[in-house]
Amino acid sequence: MVHRAKRSDWGLRIADCGLKRARAGNPQSGTVLIVTIWVVLVLAGLALVFARSIRVTAAVSANHIASLQAESIAAGALEYVVAKLAEQIETQTSVTQTTDLYEAMQVGEGYFWILHSNLESDQELTYGLTDEAGKINLNTASEEMLLNLPGMTAELAASIIDWRDTDSDVTAGGAEDEYYLLQAQPYHCKNGPFETVAEILLVKGASEDLLYGEDTNLNGILDPQENDGDESEPPDNANGQLDRGFYDYVTVYSTEANVDSSGSTRINVGDASARSDLQTLLQETFKEERALEIMGNLSTTATYNSILNFYYSSRLTFEEFSKVADRLTTSSETTLPGLVNVNTAPKEVLMCLPGLEEKDVDDLLAYRGAYALGEEPNSIAWVTEVLDQTKATGIGQYITVHSNQYSADVVALSGNGRAYQRYKAVLDTQQTPPRVTYWRALTHFGWPLDTEIVATLRTGKPLTDTVLSRSTY
Ligand SMILES: [Ca+2]
Ligand SMILES: [Ca+2]
Ligand SMILES: [Ca+2]
Ligand SMILES: [Ca+2]
């Protein structure tokens, strides 16, 4: 026992000695401790930085995936539009204005909308394809027609003419090279046709203000930020109404082949060598005696600026003229660019046609309003039932009843609401399948629909009818 006690004594002494040494201070072990603490701190810091970086990377990836998803949905929407237009051609029924076909269409988890500017109301969004023949063509309209566009200035109308004409003679108020070459960043006057509507912003006197008006997000309705004055971008006059620019009323795309509804070449009534073709048509359509009578009414040297002049000279009855009008032309050209579809154009566009007053346009709208969608007249003959001879023949050369180009404002949203893409597409239905002639991102104009849609999808909830039916906000 004594022996054991002695051994434990020794143990205590040794331990005591170690403690004393440490208390006396071993500088090496203290440094190791501090370094260790620092290393741990740095490692913890690094771990935090990495964790944050991983979180950011994950968010960036998720956004990128959402953006790609929206991009794919937009591409799918374009295919959908091509298919709808092909269906329209095949079935001869109008599918461009059926809202249900273009509102909140689900693709996978995401959605797309084809937005259509509502020219009747600045409070309600509408969906569908836009008829480019229902607009004024910047490449063919006369200065007088351009001047009738809402918000158009004399300076810009004259400058549009100079921009597209091939000469360098300055129209009064217009501009050619001399003006453009003196700009801070000089460029040439184009002296060629407009290729896009936005190209007009290069022309003297043009501005986004004149082109888009207060509708800076291009959705056709009055958004809160477009009616709060200078409180938020854009500046506006806060008068409770959307003061539009002329963007919705102009195009560069409208053109048609000079053929009848069945695709056959038309008879040029101004061409003396086509008289026998005309006589054959009249004989096939009416009694021979009547055909000869009509031919007798026609001067062999007459020239016509439109088939409406021919109508009055021939003394055909309106019913007779309606039967043959689609088969006739006064132009030897194979394509007729920039004609305005008098069956579909909105009031503001019809107001641009030369010589028409507001009452004439209202009468035209009332007359065509009696026709059901898809049952519209197949020739321009009907305007002679509404307008007097001077007014009808004054607009005859600028109008048509055919539409071949449609545009689509595609809004595509990812399923989680994290990303959207917006594009403008223009499609030409003169080919089968319809050909996409223009495709440009509009995403920078901003989200054009109800913000509640995005907010709902971001919470992981599906879109309900309640959210979708909130067309005003
Ligand atoms: Ca010129
Ligand atoms: Ca707007
Ligand atoms: Ca504002
Ligand atoms: Ca306003």
Single match in S261, S254 (criterion: farther than 21 Å from P448 by Cβ, more than 16 Å from ligand 2 (Cβ to nearest atom) and loosely packed, with under 14 Cβ neighbours inside 10 Å): S261
Residue within region 378-398 that is under 29 Å from R435 (Cα atoms), modelled with pLDDT under 95, surrounded by fewer than 23 Cβ atoms within 10 Å (Cβ to Cβ) and not basic (K, R) present: yes
Of the criteria (1) surrounded by 19 or more Cβ atoms within 10 Å (Cβ to Cβ); (2) more than 16 Å from ligand 1 (Cβ to nearest atom), which one C189 fails: (2)
Region 234-248 - residue that is over 18 Å from L201 (Cβ atoms) and acidic (D, E) and, of those, nearest to ligand 3 (Cβ to nearest atom): D236
Residues satisfying the stated conditions in region 207-260, i.e. aliphatic (A, V, I, L, M) and within 10 Å of ligand 4 (Cβ to nearest atom): L222, A238, L242
Given (1) surrounded by fewer than 16 Cβ atoms within 10 Å (Cβ to Cβ); (2) of a type in the set (D, E); (3) within 30 Å of V361 (Cβ to Cβ); (4) within 16 Å of ligand 1 (Cβ to nearest atom), index of the condition D167 fails: (3)
So Q225, is it exposed (fewer than 14 other Cβ atoms within 10 Å of the Cβ) and away from ligand 1 (no atom under 16 Å from the Cβ): no
Of all residues making up region 48-73, the number that are within 14 Å of G417 (Cα to Cα) and not β-branched (V, I, T): 10
Matching residues in region 73-93 - criterion: being outside any helix (DSSP H, G or I) and buried (at least 18 other Cβ atoms within 10 Å of the Cβ): none
Breaking point among (1) at pLDDT below 90; (2) more than 21 Å from Q421 (Cβ to Cβ); (3) not basic (K, R), for V42: (1)
E231 charged (D, E, K, R) and within 16 Å of ligand 3 (Cβ to nearest atom): yes
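The values are calculated or read from the model by the stated rules, or taken from the named source; none is laboratory data. No experiment lies behind these values; they were computed from the predicted model shown. All Cβ positions, glycine included, derive from the backbone under ideal geometry; neighbour counts span all protein chains shown.
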